[in-house]
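Engineer: Could you have a look at this structure, given as structure tokens, before my questions?
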Protein chains: 2
Amino acid sequence: MLHDPAQLDLMFQALADPARRQMVDRLSRGPASVTQLAEPLEMSLSAVVQHLNLLEASGLVRTQKVGRVRTCQIEPKALRAAEHWINERRLSWERRLDRLGDFLAETKDEN
Amino acid sequence: MLHDPAQLDLMFQALADPARRQMVDRLSRGPASVTQLAEPLEMSLSAVVQHLNLLEASGLVRTQKVGRVRTCQIEPKALRAAEHWINERRLSWERRLDRLGDFLAETKDEN
DNA sequence: GCAATAGTTAAGTAAATGCTTCAGTGTTGA
DNA sequence: TCAACACTGAAGCATTTACTTAACTATTGC
């Protein structure tokens, strides 16, 4: 389910917004309530909740409500999926470059 | 310049669109012209050029024009920057979890 | 030279996004 | 019990985004 293209879509979409990345950054240092998440952001609490809902839908953040406070934490598996997508493409490219280098070295030897 | 927050912003923004990720995916297998990039995509060439310009502005793709064809290739450094941002946040979270685990194990020992 | 090719640019448009405000709901602590 | 607290949801609005079409420029091959 982590390599589901639709889920990957939601993840990259979620990471595209600076405010949401700031929220992820904050959460990478430990869990936080919605109000705590909102504190450094210059927008209404309502806006933060909307961002948070997107982050949760993308799978990047998990939340649970106890009493009246919603506690949020990062879901590292989801982060790893996004990381993995990028990593695979980069490696694919770099391997190609290596093979090209080898080829050029060989043809040079043959002269 | 790769950790410039504005550049990171452009990169994640660029990766947010499925068509652009498809283009990156294609390029990870080797260079391509604009027409080749457009071929599997169900949209006008014009739309592809607009996506490509965004990818180039983000630093993820580099292009050079020879005669009338623009050849595109991936810039692995930029991909690595995006990868790195995610990786740092994930590791930060996982280290925190580890410390928490250690703490719980210790306090258990003390009983 | 000239038609086909490869890409570029501008203008317009429909839908999506990122907010805001405001009016709620449920929870807690004194 | 009741005011403060921590959200939640809906409606509205300005901006941005992802296209389209159409008109254009610059190369190339015959």
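The values are calculated or read from the model by the stated rules, or taken from the named source; none is laboratory data. On a predicted model such as this, the values are computed, not experimentally measured, just so you know. In this analysis, Cβ positions are derived from the backbone assuming ideal geometry, glycine residues included, and neighbour counts consider all displayed protein chains. Side chains are part of the model used for accessible areas, which takes the heavy atoms of the whole protein and leaves out ligands, DNA and RNA. Shrake-Rupley method; radii C 1.70, N 1.55, O 1.52, S 1.80 Å.
Engineer: Evaluate the following for residue A:68: is it among the basic types (Lys, Arg), in contact (Cβ under 8 Å) with a residue 24 or more places away in the chain, within 13 Å of DNA strand C (Cβ to nearest atom) and more than 9 Å from chain B (Cβ to nearest Cβ)?
Structural biologist: Considered against the rule, which asks whether it is among the basic types (Lys, Arg), in contact (Cβ under 8 Å) with a residue 24 or more places away in the chain, within 13 Å of DNA strand C (Cβ to nearest atom) and more than 9 Å from chain B (Cβ to nearest Cβ), residue A:68 comes out as no.
Engineer: For the stretch B:54-65: of the residues being aliphatic (A, V, I, L, M) and surrounded by fewer than 21 Cβ atoms within 10 Å (Cβ to Cβ), which is farthest from DNA strand D (Cβ to nearest atom)? Reasoning before the result, please.
Structural biologist: Step one: filter the stretch B:54-65 for residues aliphatic (A, V, I, L, M), giving B:54-55, B:57, B:60-61.
Right, trim to surrounded by fewer than 21 Cβ atoms within 10 Å (Cβ to Cβ) and you get B:54, B:57.
Numbers: B:54: 6, B:57: 11 Å.
Selected residue: B:57.
Engineer: When only residues in the stretch B:8-46 that are among the charged types (D, E, K, R) and more than 16 Å from the chain's Cα centre (by Cα) count, which is farthest from residue B:73 (Cα to Cα)? Full working, then the answer.
Structural biologist: Going through the stretch B:8-46, the residues among the charged types (D, E, K, R) turn out to be B:9, B:17, B:20-21, B:25-26, B:29, B:39, B:42.
This time we only want the ones that are more than 16 Å from the chain's Cα centre (by Cα), so: B:39, B:42.
Details: B:39: 16, B:42: 21 Å.
Filtering first and then ranking leaves B:42.
Engineer: Sticking with this structure for a sec: Would a scan of the stretch A:36-50 turn up a residue that is in contact (Cβ under 8 Å) with a residue 12 or more places away in the chain and more than 16 Å from DNA strand D (Cβ to nearest atom)?
Structural biologist: No, the conditions are met nowhere in the stretch A:36-50.
Engineer: While we're looking at this one, here's another question. Out of A:4, A:25, which single residue is away from DNA strand D (no atom under 16 Å from the Cβ) and closer than 23 Å to residue B:9 by Cβ?
Structural biologist: Details: A:4 fails: closer than 23 Å to residue B:9 by Cβ.
That would be A:25, the only listed residue that is away from DNA strand D (no atom under 16 Å from the Cβ) and closer than 23 Å to residue B:9 by Cβ.
Engineer: Then there is this: Identify all residues within the stretch A:23-53 that are open to solvent by 60 Å² or more (accessible area, probe 1.4 Å), more than 10 Å from DNA strand C (Cβ to nearest atom) and more than 9 Å from chain B (Cβ to nearest Cβ); write none if there are none.
Structural biologist: In the first step, residues of the stretch A:23-53 are kept if they are open to solvent by 60 Å² or more (accessible area, probe 1.4 Å); the result is A:26, A:29, A:35-36, A:39-40, A:42-46, A:50, A:53.
Applying the additional criterion that residues be more than 10 Å from DNA strand C (Cβ to nearest atom) yields A:26, A:29, A:35-36, A:39-40, A:53.
Once the filter is applied, which keeps residues that are open to solvent by 60 Å² or more (accessible area, probe 1.4 Å), more than 10 Å from DNA strand C (Cβ to nearest atom) and more than 9 Å from chain B (Cβ to nearest Cβ), the stretch A:23-53 yields A:26, A:35, A:36, A:39, A:40, A:53.
Engineer: With the structure loaded, tell me whether residue A:95 is within 14 Å of chain B (Cβ to nearest Cβ) and surrounded by fewer than 11 Cβ atoms within 10 Å (Cβ to Cβ) or whether it fails that test.
Structural biologist: Numbers: within 14 Å of chain B (Cβ to nearest Cβ): yes; surrounded by fewer than 11 Cβ atoms within 10 Å (Cβ to Cβ): no.
So residue A:95 does not fit the description; no.
Engineer: Residues that are at pLDDT below 95 and within 26 Å of residue B:83 (Cβ to Cβ), at least 1 per element: which helices (runs of 4 or more DSSP H) completely within the stretch A:1-93 meet that? So that I can check it myself, show each step before the final result.
Structural biologist: Working: elements: A:5-15, A:18-28, A:34-38, A:45-58.
In the stretch A:1-93, the matching helices (runs of 4 or more DSSP H) lie at A:5-15.
Engineer: Here's a follow-up. Please determine, by comparing only the residues of the stretch B:7-21 that are open to solvent by less than 20 Å² (accessible area, probe 1.4 Å) and within 9 Å of DNA strand D (Cβ to nearest atom), which one is farthest from the other protein chains (Cβ to nearest Cβ).
Structural biologist: B:19
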